[in-house]
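Written below as structure tokens is the structure these notes are about.
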Amino acid sequence: PILRNLRAAATALALGTAVLGVSAAFHAASAQNVSPAVGGPLTEAKTLAAAKRFQEASSRVNAAAAAAKTPTENAAVKQMRDYLAVASGDTSTPLGAKAKFAADANAGKWREVIAGADILKKMNALDTQSQVVVAQAYYRLNDSKNCMSYIRNNRLSGESALALLQRCAYDAGDEVTQRQSLEQLVATTGKAEHWKNLLRLAERSKGIKDHQTLDLYRLKALTGNLTTGDEVSTYAQLALLMKFPAEAQAVVQKGLTDKILAPSERTTRLMKLATDRAAESAAGAAKALDAAQKAPQGDALVQIGEEQIGLGKAKDAIATVQAGIAKKPADAANAQLRLGTAYLAAGQKGEAGRAFNAVKGDEKWVMIAH
């Protein structure tokens, strides 16, 4: 939808001022604020312009200009000149050049759009919105490289430009630029559709582990992108696989409550499995914590802290993960990420951001933390 709206926006931008101007000119004339010597030729010019006889119309405007004596009359003449420039697409004037640029964009004449932008730039009349349309012209010409270069070189930002950059990067097979543009879209808009594309790109990363995929499903849930029964089931199964049964139980229940997951024999089995394992985990929680505290490294404590997040015990999780980090876990990047998720679950966003920024080492954990 963003890309489809660009041409209409450019047309409105180019034509709006001039069309309003000529309306004002004739309103002034009809209100008898101009003399017949000025109003008459302007009326004739309007009729000639409607018939596309622009040279004759320009001659009548010149006659009106020669007769104009008051500021109101001079303003009416100027507005008619602007109108003629727009109507005729006179590229010797900024308004005319903008009008032709808009008409070319509306007609899908993409090479002419690019050429028209050069004319506007020389006149210092190439605004940011029109630059985005130029980038779209490269995209429509299947010139992904120049599309990306144009956006970067002109430092275009905003949702339309970033969405276009992401699309051109996709066509060019440039995953780095795709991710960067999607991250900016997520950061500036927070829209679920951009999160969806970013998470989908992350899921396609080579060498991603089950635990990391689980985190992506957690992000899907947080950003409103857990929308199908299959996604809910996959999330729950991953949580069970990674030994977070209470989280799996909560995911299935929410899926049923939100009517994303349909009641079925398979769903019933999944819920029973999650419920049984959650009960077993709860029964052995004290013993598991004791063993983790006695272990030489902190990975088990980090695991328990992650489980506590799923149980809704975010503040307990912060302390547990911190204790695990103090014992130098083998997977330090995962431990740091868990600290960030614990802070986030506790509503401490500043601390969460600092923890996520401190994730180092494994590039996949870094990506998820980011």
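Laid out as a table, the results:
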quantity	calculated
Residue list for segment 294-331, filter: open to solvent by less than 20 Å² (accessible area, probe 1.4 Å) and either within 22 Å of Lys364 (Cα to Cα) or outside any helix (DSSP H, G or I) (or both)	Gly298, Leu301, Val302, Gly305, Glu306, Val321, Gly324, Pro329
Test result for Glu203, under 26 Å from Met148 (Cβ atoms), open to solvent by 40 Å² or more (accessible area, probe 1.4 Å), of a type in the set (Asp, Glu) and in contact with a helix residue (DSSP H, G or I) (Cβ under 7 Å, 6 or more places away or on another chain)	yes
Filter result (of a type in the set (Gly, Ala, Ser), assigned to a helix (DSSP H, G or I) and touching a Ser or Thr at 6+ places or on another chain (Cβ under 9 Å)) within segment 64-82	Ala67
Pair list, Cβ < 7 Å and 6+ apart or interchain, from segment 159-171 residues that are buried (at least 22 other Cβ atoms within 10 Å of the Cβ) to residues that are part of a helix (DSSP H, G or I) and aromatic (Phe, Trp, Tyr)	Leu164/Tyr139; Cys168/Tyr139
Qualifying residue in segment 83-104 (condition: touching a residue at least 24 places away in the same chain (Cβ under 8 Å), in a helix (DSSP H, G or I) and under 23 Å from the mean Cα position of the chain (by Cα))	no
Candidates Ala282, Ala295, Ala221 - the one that is more than 22 Å from Thr341 (Cα to Cα) and touching a helix residue (DSSP H, G or I) at 6+ places or on another chain (Cβ under 9 Å)	Ala295
Residue, nearest to Gly96 (Cα to Cα), within segment 41-82, restricted to residues that are of a type in the set (A, V, I, L, M, F, W, C) and open to solvent by 40 Å² or more (accessible area, probe 1.4 Å)	Phe54
The lone exception for Ala97 - which of (1) within 29 Å of Glu112 (Cβ to Cβ); (2) open to solvent by 50 Å² or more (accessible area, probe 1.4 Å); (3) among the hydrophobic types (A, V, I, L, M, F, W, C) it fails	(2)
Segment 321-369, residues that are without any contact (Cβ under 8 Å) to a residue 24 or more places away in the chain and closer than 21 Å to Ser205 by Cα	Phe356, Asn357, Glu363
Helices (runs of 4 or more DSSP H) lying entirely in segment 123-226 (those with 2 or more residues that are closer than 26 Å to Ala97 by Cα)	128-140, 144-153, 158-172
Residue that is nearest to Lys209 (Cα to Cα) [pool: residues in segment 332-370 that are surrounded by fewer than 18 Cβ atoms within 10 Å (Cβ to Cβ) and in contact with a Phe, Trp or Tyr (Cβ under 8 Å, 6 or more places away or on another chain)]	His370
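The values are calculated or read from the model by the stated rules, or taken from the named source; none is laboratory data. If you're wondering where the values come from, they're calculated on a predicted model, not measured in any experiment. Using ideal geometry, Cβ is built from the backbone for each residue, glycine included, and neighbour counts are taken over all protein chains shown. The protein model used for the area step is the full one, side chains on, heavy atoms only, and it has no ligands, DNA or RNA in it. Shrake-Rupley method; radii C 1.70, N 1.55, O 1.52, S 1.80 Å.
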